[in-house]
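The values are calculated or read from the model by the stated rules, or taken from the named source; none is laboratory data. Computed from a predicted structure; not experimentally measured. Cβ placement follows ideal geometry from the backbone for every residue including glycine, while neighbour counts extend to all protein chains displayed. Only protein heavy atoms, including side chains, enter the accessible area calculation; ligands, DNA and RNA are left aside. Shrake-Rupley method; radii C 1.70, N 1.55, O 1.52, S 1.80 Å.
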Amino acid sequence: MIRFLGKGLLRDAGRSRMPVMVVAIGVALSVFMHAYVHGLMQDSIEMNARMRYGHVKVCTRSFAENAAQMPADLSLLDVRALKQQLTAHHPNLQWSDRIQFAGLMDVPGMMGETRAQGPVIGMAVDFFSTHSVEGERLNVQAALTEGRLPQQAGEMLLSADFSEKLGVQIGDTLMFMGSTQFGGLAYANFVLIGCVDFGVEVLDRGMMLADLSDVRIAMDMEDAATEIVGFFEGGQYNDAAARRMQESFAADFEVVAGDPYAPVLLRLKDQDDMGQLIDISGAMGLLITFIFLLAMSLVLWNAGLLGGIRRYGEFGLRLAMGETKGHVYRSLQVESLLIGLLGSLIGTVLGLLFAWWMQEKGLNLGDSMQNASMMLPTVIRARITPVDFYIGFIPGVFATLIGSLLSGLGIFKRNTAQLFKELET
Amino acid sequence: MEQSYLIDLKQVVKRFPMGKGSFTALKGLDLQFEAGEFAGLIGPSGSGKTTLLNIIGTLDLPSEGGGTVLGHPIEHLKASEAALLRKERIGFIFQSYNLLQVHTVFENVEFPLLLLGMPSEERRKKVMEALDWVGLADRHRSRPSQLSGGECQRVAIARAMVKQPSLVLADEPTANLDAANSHHVLKTMQQLNEAFQTTFLFATHDEKVISYLKRKIYLMDGQLVKDERV
């Protein structure tokens, strides 16, 4: 009997190939959508981490409390030693020192007078060291609209909008004015060698990027930095691990309680509105995935329902031949389970392949995000997580099965003669 | 002593719900059939012949009245008992053949034997025998779509007869066949009736079928009009 039903299932495309295809497509879309939404949310968070906050950040307690003002006088000291200690304690993170600063950018005229001037927010990162990955991390090469990256002392990058506003060209010398770590006047000349456009209003409004060594000289910050940022290997923020680091940080680094200059470790979630963003992203991701899974489940449930209803005539015949209603019903459910499982397997593989391609290649939306005011990634990437390996089975198996369970109820609700009539029509 | 009938119906009433009221398809029928009969329920559409065939075939229950089919009281028959009765002792032939299109001729005829749990070798022998009765043994590997209408109906006859049931119910078996095929199919059924003493009960208004019947039961508006033996 099983062989007989199996033959029917395999030979009838409407009962096997078509439903398997429908389930596989639905499952593939569900898996891909989950990976895509997760990737999108995660990329937004990661971009903020790379550009500004790190997965964890070490700075002085006072700097953390006044971070919005970027107070150079509250910077970390003995940065080299501290970085070595951090690397020794947490070798699974990449550590980079940075200086966030603010000041005035002055454009001199022919006679040395001020031709143009504007407030600037700056970031100094390690461009020059051969082992540094900061340029790559900030994706500066891709953000360059003209010129090149700093290669020698005294060179800097400006955001393209800002350089246009100031009316400066590549090769022009500009003067940065700010305050040193010790509260004195800081000023230094920089040659503009490139313009960047991150496609993000926050960064492109008025940003200067320069090498750490130059800014250290300009701001009198030898062996100092406003922060040391740490990034987990694999590039994904791990809040549980960050929390563990935070809890043991005071003991590990013998931090003196109440010392305003003592280093503190901030998690990504602790900084600005990132906690809210991470929580909202997680909730949004879940919500979008839930809505999509629900929609997909309804489609597959309906497919299962129609698949069952289509066969009422056949059921009528089988009942007339003497098969019991229970046997007909159970065989329908077994078929549906097999179709759901096979379709889910195929769909999961297809969905993962597509998600993997999207994870590796990404989708460049740079052109359509020119005016974005949030720090959002221009390349959208999917991100495969362990959940993607089983999430498709929810609509694939359960919804299909529920559909056929419901349609099969017709076998019991209708009397045999009615099914028989449907067979004749 | 009361005579034992193959089918013994007493005051069978069948009502179907219609809107707020109901429609009475059978109005207190009394009918008896003996083993080996070749009988037909004759009447126009709506006369109640298919409804009666469904009740005799245990596919439906009477609203009132009752009786026995193959010794089983139909008014109290449970669904599982009815299924067992159909599986073991009743064969069906339909107007539109109702063969399983994805299965071969052999597999279609084999299906009732699979339900009976018959061993494979015995099944094979019986299927080939049944196909031999209807002259289609050489087409056992064909699919229904490769056969003519007449051949399909002969396969349906083989499927109904393969388990050698006591009763075969045929609802308008020639409605989709031309005259030549109709006669071929009816002759086949007549031969099987004579050979195995299987009771054949038709629902029909086709003159060709009527001409073969040995007993003609005329129905009109759910009532027996005439019961004629040839």
Sorted on mean Cβ neighbours within 10 Å (highest first), peptides A:185-197, B:91-103, A:110-122 come out as B:91-103, A:185-197, A:110-122
The alpha-carbon center of region A:131-150 and that of region B:110-129 are separated, in whole Å, by 78 Å
If amide H atoms are modeled at 1.01 Å from N in the peptide plane, then the residues at a separation of 5 or more from A:LEU144, or on another chain, having amide H under 5 Å from its own are A:ASP197
Given a Förster distance of 35 Å, the FRET efficiency implied by the Cβ-Cβ spacing of A:GLN151 and A:ASP73, rounded to the nearest 0.05, works out to 0.70
Karplus-derived 3J(HN,Hα) from phi for region A:67-79 (6.51 cos²θ - 1.76 cosθ + 1.60, θ = phi - 60°), whole Hz, x at Gly and Pro, runs 4, 4, 8, 6, x, 5, 6, 10, 6, 6, 10, 6, 5
A correct Karplus calculation of ³J(HN,Hα) over region A:148-160, with 6.51 cos²θ - 1.76 cosθ + 1.60, θ = phi - 60°, whole Hz and x for Gly and Pro, returns 9, 7, x, 10, 9, 4, x, 9, 8, 10, 10, 5, 4
For region B:44-58, in residue order, the Karplus 3J(HN,Hα) values (coefficients 6.51, -1.76, 1.60; θ = phi - 60°; whole Hz; Gly and Pro = x) are x, 4, x, 7, x, 5, 5, 4, 5, 4, 5, 5, 5, x, 6
Using alpha carbon centers only, region A:223-298 is separated from region B:1-61 by a whole-angstrom value of 79 Å
Over 25 Å (Cα to Cα) among B:LYS125/B:LYS216; A:LYS7/B:LYS163; B:LYS125/B:LYS208 -> B:LYS125/B:LYS216; B:LYS125/B:LYS208
The extension gain from A:VAL133 to A:ASN66, computed as 0.36 nm times the residue separation minus the Cα-Cα distance, is 21.3 nm
For chain B, longest principal axis from Cα atoms; helix B:105-115 axis from its Cα atoms; angle between them, nearest 10 degrees, is 60 degrees
Scoring only Lys, Arg, Asp and Glu (+1, +1, -1, -1) among other residues with Cβ under 14 Å from the Cβ of A:GLU360 yields +2
Rounded to one decimal in nm, the spacing of the 7 Å Cα→Cβ label points at A:VAL387 and A:ASP279 is 1.8 nm
Hydrodynamic calc, region A:56-234: Kirkwood Rh from Cα pairs, then Stokes-Einstein at 20 °C with viscosity 1.002 mPa s, so D in µm² s⁻¹ is 129 µm²/s
Taking Cα atoms, the helix A:17-48 axis meets the longest principal axis of chain A at an angle in degrees (rounded to 10) of 20 degrees
Buried accessible surface, A vs B, both sides, probe 1.4 Å, in Å² to 100, equals 2200 Å²
Among the Cα-Cα pairs of region A:1-156, the proportion with separation greater than 21 Å, in percent, is 68 percent
Of the listed links B:LYS10/B:LYS78; A:LYS83/A:LYS269; B:LYS27/B:LYS87; B:LYS87/B:LYS126, those spanning more than 26 angstrom between alpha carbons are B:LYS27/B:LYS87
Taking N as the number of residues in the protein assembly as shown, the ratio of its alpha carbon radius of gyration to 2.2 N^0.38 Å works out to 1.63
Taking max minus min of the Cα coordinates of chain B on each principal axis, largest first, gives extents in Å of 50, 44, 37
Nearest-0.05 FRET efficiency for A:ALA241 and A:PHE290 at R0 = 25 Å, using Cβ-Cβ distance, is 0.40
The relative contact order of region B:28-161, taking Cα pairs under 8 Å that sit 6 or more residues apart, comes to a percentage of 23 percent
So A:LEU5 and A:PHE182, fully extended at 0.36 nm per residue minus their Cα-Cα distance, gain in nm 55.2 nm
If one compares the long axis through the Cα atoms of helix A:239-252 with the longest principal axis of the Cα atoms of chain A, the angle in degrees, nearest 10, works out at 40 degrees
If one builds a Gaussian network model of chain A from Cα atoms under 10 Å apart, the most fluctuating residue listed among A:GLY184, A:GLY103, A:GLY362 is A:GLY184
Sorted by chain and then number, the residues having a modelled amide H within less than 5 Å of the amide H of A:ALA116, at least 5 places away or on another chain, are A:VAL107
Residues meeting the amide H criterion for A:ALA382 (H placed from the backbone, H to H distance under 5 Å, 5 or more places apart or on another chain) are A:GLN359, A:GLY362
Once A:VAL334 and A:ARG80 are pulled to full extension, the length gained, defined as 0.36 nm per residue separation minus their Cα-Cα distance, is 84.8 nm
Expected integer from the mean partner chain Cβ neighbour count at 10 Å over A:314-321 is 6
